[in-house]
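Okay, structure first, notes after.
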Amino acid sequence: MNNVESTTSGQSAISSRSSLSDKPRIPLAEAVSRAENWRNLVVNLPAENTSDGSGTNKAIDVSKQRIFRAININIADVKDLMEDHPQAKSIRLYLSLQDPDYPYQITGMLVPVDVNNHDMLTKKSVSEGLMSESEIVNSASDSTIYDFTQPCPALCDTASPLFNSTNSLENYI
Amino acid sequence: MGQFASVTNLTMPEIVALVVQSVKDTTLALSDLNVIIQGLTPRSSDAPPPTYADLALAVPAAILAAESDSTFIFNGLFPTITLPSSSQDAGVVLGYNANGNIQLLITQITVDLINWGIQIPGDDVALIAACIQGQVDNSDLTPSTTYGQVNIADSNQLDEVLGWVASFGVFRTGYNPDGTINHAVIYSFCAAVGVPEVVTI
């Protein structure tokens, strides 16, 4: 595996020395459509099977006010993460819920990923003998799982055609 | 845009009284206010906010959520600019109409900036107002936050900017006899001048 970059998905995950202009991109019209598909999916998302054993799915009551649309990531924070983890190959964003009783407070957890597609989760390792496994997994300062993203809502561009497909394209093209 | 009921010149009980007076459908208003409270309470809070069943409690909670959100977002977006605790306005816009008269918003921002000792050209204030109004008008009842920065051309330090953040949530106050809906807006606005973070990758 020397100098071989392992990837697990298709074209969009292929990393090479190509320029940004060579990367897969999406026409704006298709992006608007894709974002609308996502919103439609979320508002009609089936819940878990009902407890009566009927197996019937019920829709979760996700009003349009609560649709989770996007995650905002500061460029400066990405830069800091890159400086802290120069050996990282990519950044993986995990979706998370701080409290399952509040399903609309979706947040992102950013994790640096090494060249072998392994999440880089902590600064310390048990093999160093300095900290126990319990100490490592419960330490925020030794964690490399970052929490500096902002979900939309609430940090949105509500005028964007990606926020709402009926929004005007005028200020974006 | 509507009539501003701001914490800068009204007490919270006075603002609550004005909102209660304007609300014709309490259930509808509470439903939207709870969405605003849950949507704008910063996720760093220890516990998610409760669901309110009383307008007199929900309105201050929504305003507080907007204040907390705008401060939280400001500090995240402008880490090198100190936001004085006094440089924050919040309240309710009563009788909000989409695409309404922007001059009321321009006036409110102008008054806020003067109160905070910040001077920027009127054209820049108008641009901030237009940005905020566009975001509010398009929010479709989704509580949201927007931000921006303005170069301070006349500053002694040429690199200084005005950073600003506005958090808002439109809520329905009731139906008219003809079936149209009346709205109001929970809002918070904060701004401060400083040297912005420079990012080079």
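The values are calculated or read from the model by the stated rules, or taken from the named source; none is laboratory data. Here the structure is a predicted model, which means the values were calculated and not measured. For neighbour counting, all protein chains shown are included, and Cβ atoms are generated from backbone atoms with ideal geometry for every residue, glycine included.
Here are a few things to note about the model shown:
Each row is one residue, and each column tells you yes or no for (1) farther than 15 Å from residue B:187 by Cβ; (2) out of contact with any strand residue (DSSP E or B) (no Cβ under 7 Å at 6 or more places or on another chain); (3) hydroxyl-bearing (Ser, Thr, Tyr).
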position	(1), (2), (3)
B:54	yes, yes, no
B:65	no, yes, no
B:72	yes, yes, no
B:78	yes, no, no
B:100	no, yes, no
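- Qualifying residue in the stretch B:156-167 (condition: surrounded by 20 or more Cβ atoms within 10 Å (Cβ to Cβ), within 13 Å of another protein chain (Cβ to nearest Cβ), more than 19 Å from residue A:171 (Cα to Cα) and among the hydrophobic types (A, V, I, L, M, F, W, C)): yes
- Which listed residue is in contact with a helix residue (DSSP H, G or I) (Cβ under 8 Å, 6 or more places away or on another chain), surrounded by 19 or more Cβ atoms within 10 Å (Cβ to Cβ), more than 14 Å from chain A (Cβ to nearest Cβ) and under 18 Å from residue B:3 (Cα atoms), from B:58, B:90: B:90
- Considering residues of the stretch A:109-163 that are within 14 Å of chain B (Cβ to nearest Cβ) and surrounded by fewer than 18 Cβ atoms within 10 Å (Cβ to Cβ) only, the residue farthest from residue B:74 (Cα to Cα): A:140
- Count of the stretch A:111-155 residues which are more than 30 Å from residue B:51 (Cα to Cα) and either of a type outside the set (Ser, Thr, Tyr) or under 14 Å from the mean Cα position of the chain (by Cα) (or both): 26
- 3 or more residues among the hydroxyl-bearing types (Ser, Thr, Tyr): qualifying helices (runs of 4 or more DSSP H) within the stretch B:49-153: B:55-77
- Sole residue being modelled with pLDDT of 70 or more, of a type in the set (Val, Ile, Thr), in contact with a strand residue (DSSP E or B) (Cβ under 9 Å, 6 or more places away or on another chain) and more than 27 Å from residue A:123 (Cα to Cα), chosen from A:78, A:43: A:43
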